Amino acid sequence: MVDRDERGPGLRIAIIGSKGIPSCWTGFETFAEELSVRLVEMGHEVSVYARKEYAGEQPGHEYKGVKLIYTPYLKQRELERLSHEVISLADSIRRRFDIYYVMAYNNALVYTPFRWLSKLTHRIVVINTDGLEWRRPKWGKLGAKYLRMNEWSAVRLAGNELVADAVAMRSYFERTYGVSPEFITNGGHVLSELPEGVLDQWGVERGGYYLIACRIEPDNNVHHIIREFIASGTDRELIIARGMNYEPPFFSFLQELARCHPSLFRGPVYGPMLVEKLHLGAYGYLHGHEVGGTNPSLVKAMGCANCAIALDTPFNAEVLGGAGLLWEKVRGSLAERIRWADAHPDEIRELGRQAQQRVEAHYTWDRIAEQHDRYFRRLAIRHDLRGVPHAGADR
């Protein structure tokens, strides 16, 4: 890693779109924490806009050098994130930021007037495209149209800079809009040690279960995985480390399915290393995400040397790079993969080892932070940010 002094003075960066840090949730929160702390170490001044309700009992205003800014929001599923981003943007106008890093394009329309204003003050808006949010069934037709409009707006209206976390996602934007986002993927940790007795709290043994760790949403295909798991006839158990901000009707449907089999619903499982412990003890990891791009749950499983059995999408296939198994969303496909996995423990361990090596090579947080650092400094030069020294921009 390049020494902090060699990089030159840093930028003032605001991260918007997560619930806040330190991460006690998943996805954007983990991303915001792992990235922001490292960017501070690289000499940048980083602020994360946060929602106090998710910050624990004693929310502070700084975490490992990262400034935390709490702004209000509406506690309603459809409006929570939108209201928080709008109020955060309004608050940010009185502060001096060079770069806004926005987690996903979900509300890109509200950034359009702000983007034109920001051009006058030499501020850069960078949107991490994340997945194809409009494909999620939970939003319905109206919600899907709104999100598709926001995707279009992120590209066409405001002239934002875009980041894609998967080559397949970058290709989608190239095909659809003729633009090529910067490719910077998601990150994960490489873990291996599982202390004796740590799985006792769940009443399971190492290698005695398969694991799902995701939000309970239709597009994560948990219902399909449960059905196929039952059909496989495996003697192992299924642990579902679930997470959700609001309990949807879909969850009761899953509970009905689970009553047909001794599957274990565990969750929500949050907190330091809890989900990681389940990963380290799992025989295999079952993954059903389908809206892209580089899913942090899949990278986490790979970093724990899980053999991932993932839904065959361009995004999942890209992340696995052959170090795992793929299944199709047709009856019997996943069940067959589970039966094969049960019968080939040596091959499953080898695939897990290869997956972990792939994380070490391509998906470490240090690597991802280095890529963001270089990218942000290049943007400062390209946009000629006033008063921002450019030393070390190409390191």
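The values are calculated or read from the model by the stated rules, or taken from the named source; none is laboratory data. As the structure is a prediction and not an experimental result, all values here were calculated from the model. Cβ placement follows ideal geometry from the backbone for every residue including glycine, while neighbour counts extend to all protein chains displayed. The protein model used for the area step is the full one, side chains on, heavy atoms only, and it has no ligands, DNA or RNA in it. Shrake-Rupley method; radii C 1.70, N 1.55, O 1.52, S 1.80 Å.
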Problem set entry | Heavy atoms of W340: accessible area, 1.4 Å probe, square angstrom to 10 | 80
Seminar exercise, completed: Out of Q201, Q76, Q357, a Gaussian network model of the chain with alpha-carbon springs under 10 Å gives the largest mean-square fluctuation to Q201
For this session: Please compute the net charge surrounding E276, taking Lys and Arg as +1 and Asp and Glu as -1 over other residues with Cβ under 12 Å from its Cβ.
Result: +1
Exercise. Expressed in nm to one decimal, what extension gain is obtained for the pair D91 and Q76 from 0.36 nm per residue of sequence separation less their Cα-Cα distance?
Worked result: 3.3 nm
Problem set entry | Neighbour net charge for A310 - beta-carbon separation under 12 angstrom, K R +1, D E -1 | -2
Seminar exercise, completed: Kirkwood Rh for the chain from C-alpha pairs, in Å, is 21.9
For this session: Leaving ligands, DNA and RNA out of it, report the carbon-plus-sulfur percent of the accessible area of the chain at a 1.4 Å probe.
Result: 51
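Report the antiparallel proportion of the DSSP beta bridges in the chain as a percent, rounded to a multiple of 5.
Working: 2 of 43 bridges.
Of all bridge pairs located within the chain, approximately 5 percent are antiparallel.
Can you give the calculated 222 nm mean residue ellipticity of the chain, where each DSSP H run of n ≥ 4 adds -39,500 (n - 2.57) and the sum is split over every residue, rounded to the nearest 500 deg cm²/dmol?
Only helices count here, giving -12500 deg cm²/dmol.
I'd like to check one number: the per residue accessible area of region 9-116, probe 1.4 Å, reported in Å² as a whole number.
So region 9-116 comes to 39 Å² accessible per residue, rounded to a whole number.
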For this session: Could you order M302, M273 by accessible surface area, starting with the largest, using a probe radius of 1.4 Å?
Result: M273, M302
